[in-house]
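Following: one structure in structure tokens, then a few remarks.
The values are calculated or read from the model by the stated rules, or taken from the named source; none is laboratory data. Just so it is clear, the structure is predicted and the values come from calculations on it, not from any experiment. Cβ coordinates were reconstructed from backbone atoms using ideal geometry, including for glycine residues, and neighbour counts include every protein chain displayed. Ligands, DNA and RNA are excluded from the accessible area calculation, which covers all protein heavy atoms including side chains. Shrake-Rupley method; radii C 1.70, N 1.55, O 1.52, S 1.80 Å.
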There are 2 protein chains.
Amino acid sequence: MTEIPYKIYLEESEMPTQWYNVRADMKNKPAPLLNPATLKPITFDELRPVFCDELIKQELDDETAYFDIPTEIRDFYKMYRPSPLVRAYCLEKKLGTPAKIYYKFEGSNTSGSHKLNSAIAQAYYAKNQGLKGVTTETGAGQWGTALSMACSYLGLDCRVYMVKCSYEQKPFRREVMRTYGANVTPSPSETTEVGRRILAEFPGTSGSLGCAISEAVEAAESMEGYRYVLGSVLNQVLLHQSIIGLETKIALDKYDIKPDIIIGCAGGGSNLGGLISPFVGEQLRGEAEYQFIAVEPASCPSLTRGRFGYDYCDTGKVCPLAKMYTLGSGFIPSASHAGGLRYHGMNSVLSQLHHDGIMEARAVEQTSVFEAAVEFARVEGILPAPESSHAIRVAIDEAMKCKETGEEKTIVFGLTGTGYFDMYAYEKYNNGVMSDYIPTDEEIARGVAGMPNVE
Amino acid sequence: MTEIPYKIYLEESEMPTQWYNVRADMKNKPAPLLNPATLKPITFDELRPVFCDELIKQELDDETAYFDIPTEIRDFYKMYRPSPLVRAYCLEKKLGTPAKIYYKFEGSNTSGSHKLNSAIAQAYYAKNQGLKGVTTETGAGQWGTALSMACSYLGLDCRVYMVKCSYEQKPFRREVMRTYGANVTPSPSETTEVGRRILAEFPGTSGSLGCAISEAVEAAESMEGYRYVLGSVLNQVLLHQSIIGLETKIALDKYDIKPDIIIGCAGGGSNLGGLISPFVGEQLRGEAEYQFIAVEPASCPSLTRGRFGYDYCDTGKVCPLAKMYTLGSGFIPSASHAGGLRYHGMNSVLSQLHHDGIMEARAVEQTSVFEAAVEFARVEGILPAPESSHAIRVAIDEAMKCKETGEEKTIVFGLTGTGYFDMYAYEKYNNGVMSDYIPTDEEIARGVAGMPNVE
């Protein structure tokens, strides 16, 4: 049998030339986006003031299985892709598990995460449409950083609304964006109507993703030649991020490896969806079977404790409604929650897959997540992002189960990025002052009570 | 002709199994280290209280050309090596140069730099000798981070004396080391005699590398089962870092690429020496000819403005004397200097090569270095460390010369690491408040006046 190297790299010639759209293989399609005014499925034309044309097409297309990746995007991908599929030999040894653990590492580009895969695609289509710039929001900061990089590469203006608590906690994350020429505004801000409204209603608020989204959408609509772009939640993002899963599958196939379990952290679903899409497709077509596990923070548990139904995607209720597992658009995770994965809902495709029993979900507490992060870092030589460490937690849990049962399962997880800009959270953990927070049933009920009355 | 990919990765099977010791091919050997008490060449036995046995052998061996890399170290290398040799297509296009630019990128491991190559080697030999732990100093923090990682992997205790100004400016760098279980002390400190002496003499000092070295050496000598290790300057470090140059050469040979110019940033010489060693060896054996360029900060210009002679390696004068280009062990770069490359001297091998006209040197000012860094980051997708950006500066300068002359030179430079923990410096640059400082002739003269009177 061929020996598996520590890191499996694909040749440039083996890189995927098309993205894969898992919706094409779903029998139960994700529910359509609704126009918030009419509550009817939203149309291409209704979305045009907010989104780029080509991206709307991708967003609304449930039938086309493969989309060609434009040459310019493939060239950009070559700068930092293919990303390595790493065999976690050192972690396996440390755990003493018979399981075989692999992780797809997306953090070796400057933006520090997988977000760049979609950022360059969205920036490319904006540029191609002759736009001047794009607006967006960022929470933990990975998306904003990725978009800044992509825009600077293409010469597009980039306006980022950064959730205020993150803006203040992560001055260096902000500085990376500025280094890439982006304009960064803490949200909520006085620069938009919705921002001013929220500030008036909740003075001293530290902001939320839902609120920053509303501001970025308003900003895009109010400026000539601008559109709004988003780093997660949308189906187009899953499409672009399918590059992760496609590369993973090619690398595994090269060595005849068949995974038993595929694990990803889940916030809005961008990485998880991208990683599992090609494997879910296989399963939906009856070609293979896998166990898919979404891992979310216990402090923001949309899949495990949210409701499946139509909800607002943003606080200001300016975006289309999506059918998803959600905690309600007013839900804000406890201030003790570090890192990202703090969005109140979940991408519609993933929500549907979960609803249909194809993908399971687990919620984990953050101290146990950081424990897994440090254990991983000390043997695998990568300091993981808090978000990615959710997947590490469950990968280790599953590997330890194998140790008990003696099973030699093959576990693949997504390592979405690095934690260089999250050291304040590591510091808390290192000093033993990190706390866990699990919302009460009452808090969850209060959140979902804000959902619109739409079936 | 074969098309050159964006990134040339070696297979695991192509990775070097031996380090290369360039001293073996030098006719003019570097001058020996001297015992500071007797001023005679220092012996194996005299070095044993401070350094690990195996490392002393490597340090003193001017004859053996190749040293086997122990399997355990090769396995660790596989976690993050081979590092990519990147063809800077995007930068070339941006510059509009006919030059072909390549860089060997050493920053894709968590420590963020090439320092890990020697850290794992030194930690391995310490562990193998049955030691409990090691002490060291760190300036910008890359070395301390790398050593913390290596020690945590091997289960060795790690005590880091971190130059105080860096400790205060870079709390997150410190936190990474703590995450890897290291004990980090700002230097000068009250924990050593030499630290107390320096604090008494210069109250409020923000420390220097020379001073932190003295403290770390004293700490090693005063603790049972500890030795001192060092991330640059020493010949053993160049030996371990030769992995950079060896991999670079294998990758270039694979595609029949012959570099004209090889560029590295130069502080103590660890990366530069490692990168150029195999190529210098070829040239010394008459097999090829290259232009080697060492790039140093104008604010700490040991090669371009220092004196070639014996000097103290540390402020406390407890270390052996080395013959090198030096600004004097009392020289401290201006506080306006950001980043590393602030050591007063230069590795003896590199000093000798410069003295013999084999390697040239250039000094560059930091605003022009950050200008190059930002230009590079925006097209190449890597946010470079300030240290590495010195090499970028000169690579761009040389590429622009080619643009003028039309020459299609092949330029290779070392990109030693990432700048994630240097955003305070980028912030200064982004805000237009970064300044340059070039020491006056009087300051240089005052520094070298402190050199010992030894020929």
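Taking B:Phe279 as meeting all but one of (1) open to solvent by 30 Å² or more (accessible area, probe 1.4 Å); (2) assigned to a helix (DSSP H, G or I), write down the number of the exception.
(1)
Results for (1) farther than 30 Å from B:Thr135 by Cα; (2) at pLDDT 95 or above, shown as yes or no for each residue.
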residue: B:Glu3; (1), (2): yes, no
residue: B:Lys7; (1), (2): yes, no
residue: B:Glu11; (1), (2): yes, no
residue: B:Trp19; (1), (2): no, yes
residue: B:Arg23; (1), (2): no, yes
residue: B:Ala31; (1), (2): no, yes
residue: B:Thr38; (1), (2): no, no
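Identify all residues within region B:429-438 that are within 22 Å of B:Glu380 (Cβ to Cβ) and either more than 9 Å from chain A (Cβ to nearest Cβ) or of a type in the set (A, V, I, L, M) (or both); write none if there are none.
Result: B:Met434, single match.
Report, by residue number, each residue of region B:431-455 that is assigned to a loop (DSSP other than H, G, I, E, B), over 25 Å from B:Pro386 (Cα atoms) and hydrophobic (A, V, I, L, M, F, W, C).
Selection gives B:Ala449, B:Met451, B:Val454.
Show me the strands (runs of 3 or more DSSP E) found entirely inside region A:62-180 where at least 3 residues are open to solvent by 10 Å² or more (accessible area, probe 1.4 Å) and away from chain B (no Cβ under 12 Å).
Those strands (runs of 3 or more DSSP E) span A:66-68, A:157-163.
Name the single residue, out of those in region A:343-367 being open to solvent by 10 Å² or more (accessible area, probe 1.4 Å) and of a type in the set (A, V, I, L, M, F, W, C), that is farthest from A:Gly309 (Cα to Cα).
A:Val364
Could you run through region A:399-450 and say how many residues are aromatic (Phe, Trp, Tyr), at pLDDT 95 or above and open to solvent by 10 Å² or more (accessible area, probe 1.4 Å)?
1
Does region A:345-360 contain at least one residue that is in the same structural domain as A:Tyr429 (by TED's automatic domain parsing) and in contact with a Cys (Cβ under 6 Å, 6 or more places away or on another chain)?
no
Please give the number of the condition B:Pro5 fails out of (1) on the phi < 0 side of the Ramachandran plot; (2) out of contact with any Phe, Trp or Tyr (no Cβ under 8 Å at 6 or more places or on another chain); (3) open to solvent by 30 Å² or more (accessible area, probe 1.4 Å).
B:Pro5 satisfies every listed condition except (3).
Sort out which residues of region A:8-35 are part of a helix (DSSP H, G or I), open to solvent by less than 60 Å² (accessible area, probe 1.4 Å) and either more than 10 Å from chain B (Cβ to nearest Cβ) or free of Cβ contacts under 8 Å to residues at least 40 places away in the same chain (or both), and write them in order of number.
Listed by number, the residues that qualify are A:Glu14, A:Val22, A:Arg23, A:Ala24, A:Asp25.
What is the one condition in (1) touching a Gly at 6+ places or on another chain (Cβ under 6 Å); (2) buried (at least 24 other Cβ atoms within 10 Å of the Cβ); (3) without any contact (Cβ under 8 Å) to a residue 60 or more places away in the chain that B:Glu215 does not satisfy?
(3)
Look at B:Glu59 and say whether it is in a helix (DSSP H, G or I), within 14 Å of another protein chain (Cβ to nearest Cβ), open to solvent by less than 30 Å² (accessible area, probe 1.4 Å) and charged (D, E, K, R).
Considered against the rule, which asks whether it is in a helix (DSSP H, G or I), within 14 Å of another protein chain (Cβ to nearest Cβ), open to solvent by less than 30 Å² (accessible area, probe 1.4 Å) and charged (D, E, K, R), B:Glu59 comes out as no.
Could you tell me whether any residue of region B:306-313 is surrounded by fewer than 24 Cβ atoms within 10 Å (Cβ to Cβ) and in contact with a helix residue (DSSP H, G or I) (Cβ under 6 Å, 6 or more places away or on another chain)?
yes
Please determine whether any residue of region B:389-406 is in a strand (DSSP E or B), of a type in the set (D, E, K, R) and more than 14 Å from chain A (Cβ to nearest Cβ).
At the first step, the residues of region B:389-406 found to be in a strand (DSSP E or B) are none.
No, region B:389-406 contains no residue that is in a strand (DSSP E or B), of a type in the set (D, E, K, R) and more than 14 Å from chain A (Cβ to nearest Cβ).
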